[in-house]
Every structure is written in C-alpha cells, then in structure tokens.
1. Under 10 Å, Cα contacts only: if you run a Gaussian network model on the chain, which one of Leu305, Leu221, Leu173 comes out with the highest mean-square fluctuation?
2. If one computes the Cα centroid of segment 202-278 and of segment 144-195, what distance in Å separates the two points?
3. Mind checking the full-extension length gain between Leu40 and Ser148? Use 0.36 nm per residue of separation minus the Cα-Cα distance, one decimal, nm.
4. Report, please, the projected area of segment 198-305 averaged over directions, based on the convex hull of its C-alpha atoms, in nm².
5. Within 10 Å of each residue's Cβ, count the other Cβ atoms and sort Arg335, Arg252 from fewest upward.
6. Can you tell me which of 143-155, 92-104 comes out highest on packing, and rank the rest after it, using the mean Cβ neighbours within 10 Å?
7. Quick check for segment 191-341: number of Lys pairs with alpha-carbon distance under 16 Å, counting only pairs 8 or more apart or on different chains?
8. Put a dot 7 Å past each Cα toward the Cβ at Gln333 and Asp96; how far apart are the dots in nm?
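Quick note: the coordinates plus some simple rules give every number you see, no bench work behind them. The structure displayed is predicted, hence computed values, not measured ones. Please note: Cβ atoms are built from the backbone with ideal geometry, for glycine as well, and neighbour counts cover all protein chains shown.
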Amino acid sequence: MKCPVCAMDCVKSAKDILATLPTVFLPCPECSMRILDKRLPLPNPEYAEPCSCGKRFIDEVFAHIWVVMVEEGDLKKTDPLIAVGSPLVHPGFAMDRPPFLPEKSLVLLSSRVTKKTAERLARDIPELRGVVRTGDFVPGLVTADLDSVPKVYELLAGCDVRADVFPLSTGPLVIYKQQSLVHIEFPRAGYPKIRSVEQHVGKPPVPYFIDACSGVGTLGLTAACLGVPRVVMNDAWYASAFWSAFNLEVNRDYLLVSRVKIFEQVQDMAKHPVVKEPVKIAETEGAQVIEVYQGDFRALPSVLLTGTPPLTALDIFEKKDRLATGRIQKEWQDRVGGEVFIP
C-alpha cells in the first residue's frame, strides 16, 4: 500500500502487519542486551551496532540517538538518556518486555531535536522511521472549540506514519495514524475502550453503531470487526477523519465489504482542517455499510439513517466534567435516540 505521507511502501495491510507478530521485536540467539538507566547520561559515548539479524535492543538505539544529539549540540553530555525524547514503536501493542528493534520500527518524538540533527538521525540510525519535534501541547483537536485551528507537531525527517494493534474477540485490529497530527493513545494493557465497545455491541451485534468522535477510527472499526452491519465514523479534525477512512482499507480483509471508496486525499483535507457541517470522506460497498464523515458530531444527525436506533460511542473531550457529559448524552439521545455510552 502506498503511504499517503511519504508515498513509499511503509504502509501495509492488516494481514501483512499481523503476519510479523509476535516475533517482530524478539531477539535472535546472538542479540545482545544492555539495560541503561534513562535518568542518567550515557557513561561513555559508545553504542552497540545492530546484530547480524538486523535488530538492536532499544536502549542501544537510544544510546546511539543520544550520542548524535550530543555531537550536534542538541543535548549536553550531562543530559540524561531520557532527554532524547519519547519512543513510539511500529507496530505498537502492549508488550511485557522491552523490544529489540528492526529497521524502520521507531518514531522519535523530541522537543530538543533540530532539523539538521533529525536528518542525520534518519540517515545514521536504521531503526528510526521518523523524527518529530514536539511542543508543550497535545497535537490535533483537543477541545470542543471548532473555531480555532489546532496545533500540530513537526515532522523533521523520515515518515511518522505508524500502526497500533488492538486485540478483539474476532481477531486483531490494525490502526494507522500520522503521529505528528494526532494525540498519542498507545495501546494500554487491558484495552479498556475496546472492551467497552465489545461489551456494548454484544452478541449478536447491534444493527447500527456510531463513533461520533472517532479519532483515527479505533472504536468504529472495532464495532465493524465485531460484525455490526452499519457503522458511521466521524471527526471534525481532518487527520482523524482521513485516517479513519484509510484504516477501513487497511482492515478491509476482515470486514464484509468488497470495496472501500475514499473521496478525499489528506493533502486536500489539510486545506480545511476543521469542518462543522459533515462531509462524507469514505464509504464501503458490500454486506456492511460503513461511512466516514468529517464534521462536528453535533451536526452529524443530519446525515444519519432514520428509523433504526443506533448504539453511539461518544469519546468526547469533556469526560471529566460529568455535568457536561450528561448534557451532551441527553442532547444526543433526544435528537438521535438509541443507547449512548462514553468509553
């Protein structure tokens, strides 16, 4: 599959990603392992090279990054290893041990890295997939205010498209995202949001599911993989809506669909990053009807099917404000009907 960000072959179907599990981050018998204290500087400016199998323990990769950033002046010799930044592995899933990284399996998020250093890191460190400069904010749409343009991180080098894998009762779900444009939601042990959707969808599955604030499509595609015949996903932020649509194609082999039609490309959607009135981004053909919209969820009822009360997941920003969430749930039920839950 062609990556919509770098136009290379770094994006694979769910079936191809799953074929690499669970051995993708396991060492070979000759791999070495050195555990470093991330709260301290590197004792010596040295690092091990990748094993003959092509993998290297994550701490050694961090040591290599630290050495380059010190040499380039982005870090001081007294800075701890953790000052390098945050690692996001590809594919991401809940792991019970630190990984041995193959090529192009790590996206680095760092507030200290410069573009010159990022380009060197991408050239010199084979495990790096992309380097992203972060800020003291959460990227993407993080409030209900749709009148302001959200901030995003900056991709400095490589490609920051990566996948997370979520286990379902029907089999794993693969979700891609461009990490500089959306907030980090790395798979947590227990996968509480996934379990919540599974519980509410039930067996046999409900006939109609709406993921009103879909992000990159995790909950809506969970419902689709569980066999819900009709699913709607929606998000006002262009990157979330696009990747919801793209992830339909990624997981198409596990859905009852013959074709996924995507009507918008991410570069065009970036010209209208936040949309209020719903615009259809994608739809499927086949036994399951799955639609993706970009728009304010409060305007979504204008395009929804009538006559079939849906099950709606409202993964909204105001979760901690019980009065606000209660009001939003009631307004939705009054307009749309059916059951509403907050995962």
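1. Sorting by GNM fluctuation, first place goes to Leu305.
2. Using only Cα atoms to place each centre, the spacing works out to 14 Å.
3. Details: separation 108, 0.36 × 108 = 38.88 nm, distance 4.01 nm.
Here the segment from Leu40 to Ser148 would lengthen by 34.9 nm.
4. Working: hull surface 24.0 nm².
With the hull built on Cα positions only, its mean projection is 6.0 nm².
5. Numbers: Arg335 12, Arg252 19.
Least to most surrounded, the residues fall as Arg335, Arg252.
6. Working: 143-155: 14.5, 92-104: 16.4.
The peptides rank, most packed first, as 92-104, 143-155.
7. Numbers: Lys193/Lys319; Lys193/Lys320; Lys261/Lys280; Lys271/Lys280; Lys319/Lys330.
Summing the qualifying lysine pairs gives 5.
8. That separation, rounded to one decimal, is 4.1 nm.
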